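The values are calculated or read from the model by the stated rules, or taken from the named source; none is laboratory data. Just so it is clear, the model here is predicted, and its values are computed rather than measured. Just the protein is used for accessible areas: all its heavy atoms, side chains included, with ligands, DNA and RNA removed. Shrake-Rupley method; radii C 1.70, N 1.55, O 1.52, S 1.80 Å.
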Amino acid sequence: MADIHHHHNNPTTITTTATSSLIQKLQSHAPNSTALIGYLTFFISAAFLLLLAGLTVTTTVLDLIFLSPLIIISIPIWFPIVAIIFLSVAGFLSICVFGVAMVGGSSWVYKYLRGMNPPGSGRVDYARSRISDTASHVKDYAREFGLHTKMKDAAPGA
């Protein structure tokens with residue numbers, strides 16, 4: 001009888017073993033102190049940014065509510081000024097962009113005429129030869145059908 005009682009497991013021993021194994025699993029998955037400080041910093045920063053976003057939205061809505069009458073009353077004064085400033089800045093920037101494009105294009109043409117072969121010059125030469133060939137074919141076609149007159153040639157070199 002004593003042997004049967006010895007082999008029977010005690011319920012408190014099973015519960016203690018299960019609890020200690022659960023604690024060991026939790027400890028193995030728990031973040032270290034550096035990760036914990038990182039998570040804490042993240043949550044504090046996120047809460048602060050959420051507070052700032054809420055304040056910004058609230059302030060914007062209140063400003064629109066209270067300043068709308070002032071905006072509506074003063075629009076005839078400031079709208080023409082803003083329009084003139086906008087058009088002036090847009091015009092100035094357009095002139096600058098067109099000036100840069102003109103300088104770049106002039107530089108390319110200068111290099112092309114000097115024979116320095118800028119990028120894309122091969123395509124220009126190809127297009128020029130195609131145009132010349134087409135003009136020559138048209139001239140031959142006109143001669144063949146008797147349409148040639150004493151007018152100046154469209155393509156003198158063809």
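Taking the conditions exactly as written (at pLDDT below 90, open to solvent by 90 Å² or more (accessible area, probe 1.4 Å) and in a helix (DSSP H, G or I)), does R130 satisfy them or not?
no
Condition test on L70, is it open to solvent by 60 Å² or more (accessible area, probe 1.4 Å), under 33 Å from the mean Cα position of the chain (by Cα) and modelled with pLDDT under 95?
For L70, the condition - open to solvent by 60 Å² or more (accessible area, probe 1.4 Å), under 33 Å from the mean Cα position of the chain (by Cα) and modelled with pLDDT under 95 - is not met.
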